[in-house]
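Data first, discussion second: the structure below is written as structure tokens.
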Amino acid sequence: MHILLTNDDGIYAPGLRALWQELRSLARVSVVAPATEQSAVGHSITLLTPLIVQPVFDPDGSHFGWAVEGKPADCVKLALVELLDQTPDLLVSGINAGSNVGINVLYSGTVAAAIEGAFFGITSIAVSLEYRDPVHLDFPEAARLARRLIIRLMEKYAGTGQLFNINIPSLDQGPPKGVRVVPQGTARYREQFERRTDPRGRVYFWTMPELVPIETTPDTDVTALAEGYITITPLHFNLTDYSRLQSLRLEITE
Ligand code: MN
């Protein structure tokens with residue numbers, strides 16, 4: 001078994017390292033990840049600058065992985081087309097610092113890396129850990145929890161090209177209540193910017209991400225995670241709205 005491990009927080013992120021520790025007992029793990037943090041870059045790719053790739057070594061001299069000066073999707077493409085000597089059986093992206101639920105799934109570089117893997121027909125799993133300020137993110141424990149689910153998904157779905165999004169609740173209030181399979185929420189979050197002025201009098205803004213959506217529909221990844229459950233959502237990347245396809249066809253072609 002061969003796993004490609006990537007993320008959007010960068011190759012030196014503690015979440016990636018914790019997952020690597022857990023996964024290497026299961027499989028051969030190849031790490032190809034961004035050289036620097038790429039959170040919320042979504043599915044962007046690099047066209048206008050070169051993708052510089054550097055090997056990363058551990059203090060004992062062993063090869064840990066490849067750092068790519070690019071986006072998460074670039075990392076997956078490069079790994080599969082150029083860097084790995086064999087096609088992996090599974091791709092895992094994470095563990096991200098912060099949840100990727102609701103519409104945030106669409107901004108996520110962590111999930112985008114998994115989607116890219118699914119483009120290639122590789123079963124791909126995004127893993128994120130909920131962040132509640134000010135809290136210590138327990139990546140080692142989150143990685144142990146993720147490992148159990150990854151084993152189950154790997155046994156059943158390796159080689160099928162399926163896509164999964166896993167979110168682990170903040171572990172500061174005890175272990176998760178359980179695991180729930182839920183759909184992605186679609187509620188909008190309140191948009192907030194902090195307005196500041198620079199020394200030259202120019203106005204600039206900082207995006208202030210909100211952690212709680214404006215309204216919540218019950219039984220989604222957003223609500224189940226907030227209730228303290230690990231969530232798993234099967235995803236696909238075909239955005240077609242099949243329920244409107246036929247009516248639109250009739251309208252346009254009549
Ligand atoms: Mn991130």
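The values are calculated or read from the model by the stated rules, or taken from the named source; none is laboratory data. None of the values given here were measured: they were computed from a predicted structure. When we count neighbours, we look across all protein chains shown, and the Cβ atoms used for this are built from the backbone with ideal geometry, even at glycine. Surface accessibility is based on the protein's heavy atoms, side chains included, excluding ligands, DNA and RNA. Shrake-Rupley method; radii C 1.70, N 1.55, O 1.52, S 1.80 Å.
Before moving on, here are some points about what is shown:
- Filter result for the condition that a residue is surrounded by fewer than 17 Cβ atoms within 10 Å (Cβ to Cβ), touching a residue at least 24 places away in the same chain (Cβ under 8 Å) and among the acidic types (Asp, Glu), over GLU22, GLU37: GLU37
- Being modelled with pLDDT of 95 or more, of a type in the set (A, V, I, L, M) and touching a strand residue (DSSP E or B) at 6+ places or on another chain (Cβ under 8 Å) is true of ILE52.
- From the list LEU47, LEU51, LEU80, the one residue that fits, being farther than 29 Å from GLY185 by Cα and either in contact (Cβ under 8 Å) with a residue 60 or more places away in the chain or within 16 Å of the ligand (Cβ to nearest atom) (or both), is LEU80.
- For segment 106-134, a residue qualifies if it is more than 16 Å from the chain's Cα centre (by Cα) and either more than 16 Å from the ligand (Cβ to nearest atom) or assigned to a strand (DSSP E or B) (or both), and the qualifying residues are PHE120, GLY121, PRO134.
- Within segment 78-102, considering residues that are out of contact with any strand residue (DSSP E or B) (no Cβ under 7 Å at 6 or more places or on another chain) and part of a helix (DSSP H, G or I), the one surrounded by the fewest Cβ atoms within 10 Å (Cβ to Cβ): VAL81
- Any hit, segment 57-65, residues being open to solvent by 10 Å² or more (accessible area, probe 1.4 Å) and either in contact with a Gly (Cβ under 9 Å, 6 or more places away or on another chain) or within 13 Å of the ligand (Cβ to nearest atom) (or both): no
- Of everything listed in (1) among the small types (Gly, Ala, Ser); (2) touching a Leu at 6+ places or on another chain (Cβ under 7 Å); (3) surrounded by fewer than 24 Cβ atoms within 10 Å (Cβ to Cβ), the single unmet condition for ALA142 is (3).
- Taking the listed residues THR197, THR207, THR186, THR233, the one that is of a type in the set (Ser, Thr, Tyr) and either open to solvent by less than 80 Å² (accessible area, probe 1.4 Å) or under 13 Å from SER99 (Cα atoms) (or both) is THR233, with no other qualifying.
- Residue within segment 41-49 that is touching a helix residue (DSSP H, G or I) at 6+ places or on another chain (Cβ under 6 Å), open to solvent by less than 10 Å² (accessible area, probe 1.4 Å), at positive phi and not acidic (Asp, Glu) present: yes
- Any hit, segment 147-160, residues being of a type outside the set (A, V, I, L, M), part of a helix (DSSP H, G or I) and within 28 Å of LEU211 (Cα to Cα): yes
- Residue check for ALA158: more than 16 Å from VAL181 (Cα to Cα), open to solvent by 20 Å² or more (accessible area, probe 1.4 Å), within 13 Å of the ligand (Cβ to nearest atom) and touching a residue at least 40 places away in the same chain (Cβ under 8 Å): no
- From the options THR240, THR186, residue that is touching a residue at least 24 places away in the same chain (Cβ under 8 Å) and either in a loop (DSSP other than H, G, I, E, B) or closer than 27 Å to ILE125 by Cβ (or both): THR186
- Residue in segment 1-44 that is nearest to the ligand (Cβ to nearest atom), counting only those that are small (Gly, Ala, Ser) and not in a loop (DSSP other than H, G, I, E, B): GLY15
- Any chance ILE168 is modelled with pLDDT of 95 or more and within 16 Å of the chain's Cα centre (by Cα): yes
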